[in-house]
Each structure stands twice: as structure tokens, then as C-alpha cells.
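Q: After the C-alpha cells below, expect a handful of questions from me.
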Amino acid sequence: MTENEIAAGGSPLGKEKSAIKINKVRKVFTRNDEEIEAIKEVNLDIKEGEFVSVVGPSGCGKSTFLHIVGGFIDKTSGEVIVNGKEVNKPGPDRGMMFQESTLYPWLKVDRNVAWGLEVQKLPKKEIKERVEYFLKLVGLWEFKNNLPSELSGGMKQRVSLAKVLAFNPEVLLMDEPFGALDSQTREMMQAELQRIWSESRKSVLFVTHDIEEAVFLSDYVVVLSKRPSTVKEVIKIDLPRPREISIRKSYDFVDYRNKIWDLLHEEQNVKQLRGV
Ligand SMILES: Nc1ncnc2c1ncn2[C@@H]1O[C@H](COP(=O)(O)OP(=O)(O)O)[C@@H](O)[C@H]1O
Ligand SMILES: [Mg+2]
């Protein structure tokens, strides 16, 4: 991921092609004539098929960063390149998933997954095949005729994931997608996401404030500084895959967790904790 690692043999998958390249991205918000510098400078190079998480203190600019990559927020300066093309607006090459479910409550599960494909005017047969394939992939095919209100929070997020994957985006951008779930459901969803990622081979940029979630899922964890954010450190997670839920108890896992915990706590000062 870094220049040195590329020279030393490349990413964990041995692929050298960049999926997402971030060059000197900076973001300053203007609110009531006041300037708020959210991102000072972020540089990243995510290779095809990699799972990369971003952690950082609350309010440091994680969501802003992900929305810039998604093309939903304009950057002040810098470049975002996805599969060789510079991006400035949303596009079907980038699938986004958020903490809150974005399903339409009045549409059944299969119609929710089909909706975006119908808007794209894909042939009916292809829509049907994709809906079935991705609902099976997330293990919810038998719930195809249910309404979102009839599903648990975890199931709703699995449908949201099927909906995003059905577009066949080149990269997945996820902003705390399991943040609203209870801790047990969350662990189950992390294991599911790992399985789905390993089958779909997508490049993933995943924002979370949960250190263990980041270590469990990632090839690399990017630690951002406090606002205005810069990349404080990029940590390569050298744990074997597939990872069992119980890997959290291993010494190596706990070492990674502690290292990231220390980095994050260096960034928090008493003023921030008091919210002043
Ligand atoms: N639309 C906006 N206008 C002004 N300031 C914003 C806007 N969106 C976010 N910010 C500010 O930018 C900073 C980073 O926010 P955010 O990206 O949501 O942080 P995180 O996701 O890391 O918690 C915060 O100080 C926030 O108040
Ligand atoms: Mg956020």
C-alpha cells in the first residue's frame, strides 16, 4: 500500500493496481462566514481487492472523507482517482452504505434490491438474476417477499449490502454500517461481511470508530489524527484469513487493538473529551 511495500512485493493479494488513489485531499467547510478545516491533507493508495478501514477521533472528518470519495461532498483541493479515473460526483462505480438503512419501507425486499437496477433500465431477466444472486449471497433469499419493517436491524443492513452489490460497483464505501446494531449482531455482521467481501473481491473503504471491527475486517487500518485530519499511521493487519470471530482473543489481535487504541488516545485531549 505504501511506496515501500509496493517495492517489497505489493499488497496482500499481490495486485499492484490502484482501486482508489487519494492525492492531497483537503476540505474546508464554510458555515456563517466561519471556515472549518475538516481535512488538512489525506493521501492513500488502496489496491484492488483490499479491505481498508479508517479510524479516527470523533469529528475528525471520517464521514466527510468518505463522502468526498463517494462524490457527495466537494473537496477543497486534491484528487480522488477510482480505477484510473478522477471522480467529482457520485457514480455507479462506487457503492455507498451508511449506518442507517436506506431501504424504501413500502417496497418488499426483492423490489428494494431491484429498484436501482430498474432505474438504470437493465433488462428484466438480468435484474431478476442479480436480485436472486445477491439476496442469496447475503442469506436472505427466503425473505424476498417481506417488507423492511419485518426484518431485524442486521437483516436490513444485509439487504442494503445486497442492494449496493447488485449495482456491481468497483469499490464499496461504508460509513459505520453496523454502528446502530447491538454488539452480538455486529460481530455476526462483521463475519458475514468478511465472507461476502472474500467472495465478491471488491475493494472496500470502511469507516468505523470501533477499533476491533477495523482490525477484524481489514488488510490495513488507517488512523487519522484529530481535526483537521491527516493520516497519522497506516497499520498492516497481518492476521490469517478467513478470520474466525474468536481471533479477537489472540495475542496478535489484542496487540493490534492496543496499538491503535494508543494512537487514538494520543489524539484525544481533555478539552475534546469535555466537548469544549
Ligand atoms: N456540512 C458541514 N458544514 C460545516 N461543517 C461540517 C459539515 N459536515 C461536517 N462538518 C464538520 O466537519 C468535521 C468533521 O465531521 P465528520 O466528517 O462528520 O466527522 P466524523 O465522521 O469523523 O465524526 C466536524 O467538525 C463537523 O462539525
Ligand atoms: Mg462520521
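The values are calculated or read from the model by the stated rules, or taken from the named source; none is laboratory data. Treat the numbers as computed from the prediction; the structure is a model and nothing was measured. In this analysis, Cβ positions are derived from the backbone assuming ideal geometry, glycine residues included, and neighbour counts consider all displayed protein chains. Keep in mind that these areas ignore ligands, DNA and RNA; they rest on the heavy atoms of the full protein, side chains included. Shrake-Rupley method; radii C 1.70, N 1.55, O 1.52, S 1.80 Å.
Q: With +1 on each Lys and Arg Cβ and -1 on each Asp and Glu Cβ, and nothing else charged, work out how big the dipole of the chain is about its Cα centre, in Debye to the nearest 20.
A: In debye, rounded to 20, the chain gives about 640.
Q: So for the chain: antiparallel DSSP bridges make up what percent, rounded to the nearest 5?
A: 55 percent
Q: Quick one: of the DSSP bridges fully inside region 96-236, what percent are antiparallel, nearest 5?
A: If we restrict to bridges inside region 96-236, about 40 percent are antiparallel.
Q: Using unit Cβ charges (K, R positive; D, E negative) and no other charged atoms, how large, in debye to the nearest 20, is the dipole of region 106-195 about its Cα centre?
A: I would put it at about 400 debye.
Q: Mean Kyte-Doolittle hydropathy of 0.0 or higher plus an axial Cα length of 18 Å or more: which whole DSSP H helices in the chain meet both?
A: What comes out of the filter, once short or polar helices are dropped, is 153-166.
Q: Label Trp106 and Ile36 with points 7 Å out from Cα along Cα→Cβ: what is the distance between them in nm?
A: Result for the modelled spin labels: 3.4 nm.
Q: Moving to a separate point now. Figure the gain on full extension for Leu147 and Asp182 (residue separation times 0.36 nm, minus the Cα-Cα span) and round it to one decimal in nm.
A: Extra length from Leu147 to Asp182 when fully extended: 10.5 nm.
Q: State, in angstrom, two size descriptors of the chain derived from its alpha carbons: Rg to one decimal place and Dmax to the nearest whole number.
A: Spelled out, the Cα radius of gyration and Dmax of the chain are 18.8, 58 Å.
Q: Holding the Cα-Cα limit at 24 Å, pick out from Lys89/Lys124; Lys62/Lys236; Lys17/Lys236; Lys75/Lys163; Lys89/Lys163; Lys128/Lys202 the pairs that are longer than that.
A: Distance filter (> 24 Å) returns Lys89/Lys124; Lys75/Lys163.
Q: Let me ask something additional. Let me know the shape class of region 30-133, please: from the alpha-carbon gyration tensor, a ≥ b ≥ c as square roots of the eigenvalues, rounded when a/c is under 1.5, otherwise prolate if a/b is greater than b/c, or oblate.
A: Here region 30-133 falls in the prolate category.
Q: Take each of the peptides 38-45, 142-149, average the number of other beta-carbon atoms within 10 Å over its residues, and list them starting from the highest.
A: Per-residue mean Cβ counts within 10 Å order the peptides as 38-45, 142-149.
Q: So what's the Cα pair-distance distribution over region 135-257, bin width 5 Å, in %?
A: 2, 9, 20, 22, 20, 14, 8, 3, 2, 0
Q: Express the accessible area of the chain per residue in Å², computed with a 1.4 Å probe while the remaining protein chains stay in the model.
A: It amounts to 50 Å² per residue over the chain.
Q: Report, by chain and number, residues whose modeled amide H sits under 5 Å from the one on Glu50, excluding near sequence neighbours (fewer than 5 apart, same chain).
A: Here Val204 satisfy the definition.
Q: Once you charge only the Cβ atoms, +1 for Lys and Arg and -1 for Asp and Glu, what is the size of the charge dipole of region 123-276 about its Cα centre, to the nearest 20 debye?
A: 400 debye
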